[in-house]
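Asks: I have a structure I would like to understand better, so I am pasting it below and will then ask my questions one at a time.
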Amino acid sequence: MPPDSEPLYTADEMRAAEAGHETAVLMERAGALAAEAGLQEMHGLDRWTVVVGGGANGGDGRIMARHLEAKGKDVRVVDAKARETDLGDADVIVDALFGTGFGGEPRPDAAALIERINAHPAKVFSIDVPSGVDASTGEVPGAAVDADATVTFHGRKVGIIVAPGRFHAGRVHVADIGLEPRRTTVQLVLPGLLRRVPRRSERDNKYTAGHVLVVGGSPGLTGAPSLTAGAAMRADAGYVTVAARESSLPVLEERLVEAVKKPLPEALGDAAADAVLELAQKASAVALGPGLGRDDGARTLVRRLLAEIELPMVVDADALFELEPVAWGGPRVLTPHEGELGRLLGRNDVAAHRLAAVREAAERFGCVVLLKGADTLVAGPGRDVLVSACGLPSLATAGTGDVLTGIVAAFLAKGLEPQLAAAAAAVAHQRASVEATQRSGLVAGDLLDSLPRALDR
């Protein structure tokens, strides 16, 4: 587990953490802390309906109800197995149905109850994980509670950080029930990870600070390499070269003052590959794909560069088109969004199975894969998955992926190991969305101005 990260637990990892501890004691602590978190979250609301299932999660709910009553709240406990379930006129409904051990799709009666909870005007407070969400994956195969807030015990569960489960959890409170931390196979990376990124020192020159070569840019698509190059410079790379089709250079000359521009033949193909290979001899990392185009010449160029360049490379956008697993010439980081990853894997369900999909891609392509989204997932073959989830919804706009590509390339150029470079870049990218002065109506270029502040802090 890297420093500046937090373990995310699966159901099995939680069972291992609880082994050797008396269940009744843990439940008593959990119920008391759930009441404390609920009262804090739902301050001033007096009528509570606690919907309890038959397992440990229901037991936590019953203990929570007892503590709520002790605080003077009007509490109704409803058994989910009852033939008729009356939720009453509650201000708050506590979801204590399934818990972390649940998997699969809820049975019809449970699904109907979940739908009634979601339709009720009351606030909803879930215990440990919203019922219907798979705690180990974030998958939601059927009906799931839409919580306004969730209290989870010992540590965050994978399912309340990874989409689509994260969209059901609301605000998350973590309650310490006295267990020892354990190693997990999924970790949430924190902003402190940026301390691992080398910064320019007085001994550096523009080349040793990191030289990024950006390969992309066709007529009508010059914005993408411009954003990538700009982000690489703002992410502290000392030197950036942009290699693009010759007809695109006039626009790039106007947009990029600091970067060096090099022309490529309009048809791309082998002649362009030879030119890029020569340029790569002086670079320390490559960003391949932004605005490159998808014609035959572009595909030939991509195939050759992937196979022949030994430098670390981030592969994005058009370079991902029809990409096949090959013997890479050097370390590679693929940065697809859900649609691109679905095409790479030949599946249309990536959004529903994000964790499984990014792991599959890392194994199939034999390299680091960064799956973009509200929760950015970074996987490597046979390695733990790193998750970054500290950004704002404003990142969902055209061009922000090109900015991320430039940050990854800059961090690779500084010598960071590929998975760490990708995870740190995701943190920097998301923190830049927080630092940006313009949040409502943010455009990708706004991130270039806020990125240095995100790195400095």
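Asks: Listed residues Glu84, Glu36, Glu41; which is loosely packed, with under 14 Cβ neighbours inside 10 Å and over 30 Å from Val378 (Cα atoms)?
Replies: Criteria check complete, one pass: Glu84.
For every residue, the table says whether it meets (1) under 23 Å from Val214 (Cα atoms); (2) out of contact with any helix residue (DSSP H, G or I) (no Cβ under 9 Å at 6 or more places or on another chain).
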| site | (1), (2) |
| --- | --- |
| Gln281 | yes, yes |
| Ala298 | yes, no |
| Leu305 | yes, no |
| Glu322 | yes, no |
| Pro325 | yes, no |
| Glu340 | yes, no |
| Ala357 | no, no |
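Asks: Among the listed residues Ala119, Ala90, Ala149, Ala96, identify the single one that is free of Cβ contacts under 8 Å to residues at least 40 places away in the same chain, on the phi < 0 side of the Ramachandran plot and not charged (D, E, K, R).
Replies: Ala119
Asks: Glu22 passes all but one of (1) free of Cβ contacts under 8 Å to residues at least 12 places away in the same chain; (2) crowded, with 22+ Cβ neighbours inside 10 Å; which number fails?
Replies: Failed condition: (2).
Asks: To continue, here is another question. Taking Ala16, is it open to solvent by less than 30 Å² (accessible area, probe 1.4 Å), modelled with pLDDT of 95 or more, assigned to a helix (DSSP H, G or I) and closer than 30 Å to Leu190 by Cα?
Replies: no
Asks: While we're here: Could you tell me whether Val186 is at pLDDT 95 or above, farther than 23 Å from Val302 by Cβ, surrounded by 24 or more Cβ atoms within 10 Å (Cβ to Cβ) and not charged (D, E, K, R)?
Replies: yes
Asks: All but one of (1) within 22 Å of Gln187 (Cβ to Cβ); (2) surrounded by fewer than 20 Cβ atoms within 10 Å (Cβ to Cβ) hold for Pro121, so report the exception by its number.
Replies: So Pro121 meets the others, but not (1).
Asks: Please enumerate the residues belonging to segment 70-81 that are exposed (fewer than 15 other Cβ atoms within 10 Å of the Cβ), out of contact with any helix residue (DSSP H, G or I) (no Cβ under 7 Å at 6 or more places or on another chain) and not in a strand (DSSP E or B).
Replies: Selection gives Ala70, Gly72, Lys81.
Asks: Does Asp349 satisfy the criteria of being open to solvent by 20 Å² or more (accessible area, probe 1.4 Å) and within 19 Å of the chain's Cα centre (by Cα)?
Replies: yes
Asks: Still on this structure, please answer the following. When residues of segment 366-404 are filtered for being basic (Lys, Arg) and farther than 17 Å from Leu341 by Cα, how many remain?
Replies: Counting residues in segment 366-404 that are basic (Lys, Arg) and farther than 17 Å from Leu341 by Cα gives 1.
Asks: So, in segment 335-346, exactly how many residues are under 16 Å from Arg299 (Cβ atoms) and either among the hydroxyl-bearing types (Ser, Thr, Tyr) or surrounded by 17 or more Cβ atoms within 10 Å (Cβ to Cβ) (or both)?
Replies: 2
Asks: For Arg66, state whether it is without any contact (Cβ under 8 Å) to a residue 40 or more places away in the chain, over 22 Å from Gly165 (Cβ atoms) and open to solvent by 10 Å² or more (accessible area, probe 1.4 Å).
Replies: Taking the combined requirement at face value, the residue satisfies it.
Asks: What number of residues within segment 221-261 are open to solvent by 40 Å² or more (accessible area, probe 1.4 Å) and hydroxyl-bearing (Ser, Thr, Tyr)?
Replies: Within segment 221-261, residues that are open to solvent by 40 Å² or more (accessible area, probe 1.4 Å) and hydroxyl-bearing (Ser, Thr, Tyr) number 2.
Asks: Take residues that are closer than 25 Å to Lys414 by Cα and in contact (Cβ under 8 Å) with a residue 60 or more places away in the chain and tell me which of the strands (runs of 3 or more DSSP E) falling wholly in segment 253-342 contain 1 or more.
Replies: 285-288, 313-315, 332-334
Asks: When you check Arg66 against the structure, is it of a type in the set (Lys, Arg) and either assigned to a helix (DSSP H, G or I) or touching an Asp or Glu at 6+ places or on another chain (Cβ under 6 Å) (or both), yes or no?
Replies: For Arg66, the condition - of a type in the set (Lys, Arg) and either assigned to a helix (DSSP H, G or I) or touching an Asp or Glu at 6+ places or on another chain (Cβ under 6 Å) (or both) - is met.
Asks: Identify all residues within segment 165-178 that are assigned to a loop (DSSP other than H, G, I, E, B), closer than 25 Å to Glu338 by Cα and open to solvent by less than 30 Å² (accessible area, probe 1.4 Å); write none if there are none.
Replies: If the condition is that a residue be assigned to a loop (DSSP other than H, G, I, E, B), closer than 25 Å to Glu338 by Cα and open to solvent by less than 30 Å² (accessible area, probe 1.4 Å), then Gly165 is the only one that fits.
Asks: Working only within segment 44-63, note down all residues that are in a helix (DSSP H, G or I), without any contact (Cβ under 8 Å) to a residue 60 or more places away in the chain and either open to solvent by less than 40 Å² (accessible area, probe 1.4 Å) or not hydrophobic (A, V, I, L, M, F, W, C) (or both).
Replies: Correct list: Gly58, Gly59, Arg62, Ile63.
Asks: Mind listing just one residue for me: the one in segment 433-457 that is acidic (Asp, Glu) and more than 12 Å from Gly230 (Cα to Cα) and, of those, most open to solvent (accessible area, probe 1.4 Å)?
Replies: Step by step, filter segment 433-457, then rank; the result is Asp456.
Asks: Need a quick list: helices (runs of 4 or more DSSP H) entirely within segment 367-457 having at least 3 residues that are at pLDDT 95 or above and under 22 Å from Pro325 (Cα atoms).
Replies: Result: 400-413, 418-435.
Asks: Give the residue, chosen from Pro225, Pro219, that is part of a loop (DSSP other than H, G, I, E, B) and more than 22 Å from the chain's Cα centre (by Cα).
Replies: Pro219
Okay, residues lined up against (1) under 22 Å from Asp349 (Cβ atoms); (2) at pLDDT 95 or above; (3) in contact with a Lys or Arg (Cβ under 9 Å, 6 or more places away or on another chain):
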| site | (1), (2), (3) |
| --- | --- |
| Val75 | no, yes, yes |
| Asp79 | no, no, no |
| Thr85 | no, no, yes |
| Ala90 | no, yes, yes |
| Ala110 | no, no, no |
| Ile117 | no, yes, no |
| Gly138 | yes, yes, yes |
| Pro141 | yes, yes, no |
| Thr150 | no, yes, yes |
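Asks: When you look at Val158, is it closer than 17 Å to Ala56 by Cα and surrounded by 24 or more Cβ atoms within 10 Å (Cβ to Cβ), yes or no?
Replies: no
Asks: When you go through Asp95, Asp134, Asp109 one by one, which is the residue that is over 30 Å from Pro7 (Cα atoms) and within 35 Å of the chain's Cα centre (by Cα)?
Replies: Asp109
The values are calculated or read from the model by the stated rules, or taken from the named source; none is laboratory data. Please read all numbers here as calculations on a predicted model, not as lab measurements. Cβ atoms come from the backbone with ideal geometry, glycine included; neighbour counts cover every protein chain shown. The accessibility values were calculated without ligands, DNA or RNA, using every heavy atom of the protein model including side chains. Shrake-Rupley method; radii C 1.70, N 1.55, O 1.52, S 1.80 Å.
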